[in-house]
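Note sheet for the following structure.
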């Protein structure tokens with residue numbers, strides 16, 4: 001009875017060591033080159049929002065608010081865009097009311113946009129300089145505060161609403177887009 005067990009153990013040991021040896025001597029496959037953060041639509045911020053599957057609702061809101069012309073301009077802009085999922089969390093009645101009031105919608109959306117092109121590395125640098133906190137002025141003149149919460153980048157508006165950045169560096173010809181898991185509704 002011991003002999004079959006010893007044979008199985010020996011075979012398993014040989015198999016294990018031969019696989020380990022092979023894994024260490026097999027030629028390494030070169031890693032794939034990382035994809036560049038190219039514009040999703042090859043254009044400005046609005047085109048990139050529109051062509052990305054994650055930000056189509058935000059793109060529709062930008063057009064409904066009359067902000068497309070501004071965000072198609074020279075910029076540069078940094079857009080902290082709520083994802084479709086984040087916008088889907090807004091109660092239907094509240095979202096319908098916003099979509100019917102272009103001025104109020106524009107105020108909410110401008111609260112997600114700052115002048116300048118702040119890539120992820122720039123945000124990290126600002127947080128380092130600010131000892132873990134950075135305050136940015138939005139297009140509507142409000143402050144948004146960037147900080148780190150539980151290892152993630154968090155934005156907070158003047159009213160205390162917060163959202164986490166879920167995606168970075170979707171480049172556009174006139175700026176950059178970072179994704180949010182929530183909507184900052186401002187004051």
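Since residue 49 meets every condition but one in (1) surrounded by 15 or more Cβ atoms within 10 Å (Cβ to Cβ); (2) more than 22 Å from residue 153 (Cβ to Cβ); (3) touching a helix residue (DSSP H, G or I) at 6+ places or on another chain (Cβ under 9 Å), which condition does it not meet?
In the conditions (1) surrounded by 15 or more Cβ atoms within 10 Å (Cβ to Cβ); (2) more than 22 Å from residue 153 (Cβ to Cβ); (3) touching a helix residue (DSSP H, G or I) at 6+ places or on another chain (Cβ under 9 Å), residue 49 misses (2) alone.
Restricting attention to segment 84-121, which residues are in contact (Cβ under 8 Å) with a residue 12 or more places away in the chain and in a loop (DSSP other than H, G, I, E, B)?
89, 90, 111, 112, 116, 117, 118, 119
Just the residues that are part of a strand (DSSP E or B) and closer than 15 Å to residue 80 by Cβ, please, taken from segment 122-147.
Within segment 122-147, 134, 135, 136, 137, 138, 143, 144, 145, 146, 147 meet the criteria.
Taking into account only those residues within segment 65-89 that are touching a strand residue (DSSP E or B) at 6+ places or on another chain (Cβ under 9 Å) and farther than 16 Å from residue 164 by Cα, which is modelled with the lowest pLDDT?
Ranking the candidates gives 75 first.
Would you mind finding the one in 175, 167 that is at pLDDT 90 or above and at positive phi?
175 is the lone residue from the list that is at pLDDT 90 or above and at positive phi.
Return the pairs, sorted by first residue and then second, in which the second residue is crowded, with 17+ Cβ neighbours inside 10 Å and part of a loop (DSSP other than H, G, I, E, B), the first residue lies in segment 149-163 and is free of Cβ contacts under 8 Å to residues at least 24 places away in the same chain and on the phi < 0 side of the Ramachandran plot, the beta carbons are less than 7 Å apart, and the residues are 6+ apart or on different chains.
Here the result reads 162/182, each pair linking segment 149-163 to a residue that is crowded, with 17+ Cβ neighbours inside 10 Å and part of a loop (DSSP other than H, G, I, E, B).
Exactly one of (1) part of a loop (DSSP other than H, G, I, E, B); (2) under 26 Å from residue 47 (Cβ atoms) is unmet by residue 158. Its number?
Checking residue 158 against (1) part of a loop (DSSP other than H, G, I, E, B); (2) under 26 Å from residue 47 (Cβ atoms), the one that fails is (2).
Only residues that are within 16 Å of residue 56 (Cβ to Cβ) and touching a helix residue (DSSP H, G or I) at 6+ places or on another chain (Cβ under 7 Å): list them for segment 160-180, please.
170, 172, 177, 180
Give the number of residues within segment 161-187 that are outside any loop (DSSP other than H, G, I, E, B) and surrounded by 19 or more Cβ atoms within 10 Å (Cβ to Cβ).
9
Quick one: in segment 125-140, which of the residues that are modelled with pLDDT under 90 and farther than 21 Å from residue 182 by Cβ is nearest to the chain's Cα centre (by Cα)?
Step by step, filter segment 125-140, then rank; the result is 128.
Which residues, counting only those in segment 62-83, are farther than 21 Å from residue 120 by Cα, in contact with a helix residue (DSSP H, G or I) (Cβ under 6 Å, 6 or more places away or on another chain) and in a helix (DSSP H, G or I)?
62, 64, 68
Would you please name the residue that is nearest to residue 117 (Cα to Cα), looking only at residues in segment 52-77 that are surrounded by fewer than 19 Cβ atoms within 10 Å (Cβ to Cβ) and touching a residue at least 40 places away in the same chain (Cβ under 8 Å)?
Only one residue fits best here, namely 76.
The values are calculated or read from the model by the stated rules, or taken from the named source; none is laboratory data. Computed from a predicted model, the values in this text were never measured in an experiment. Positions of Cβ are backbone-derived with ideal geometry, glycine not excepted, and every protein chain shown enters the neighbour counts.
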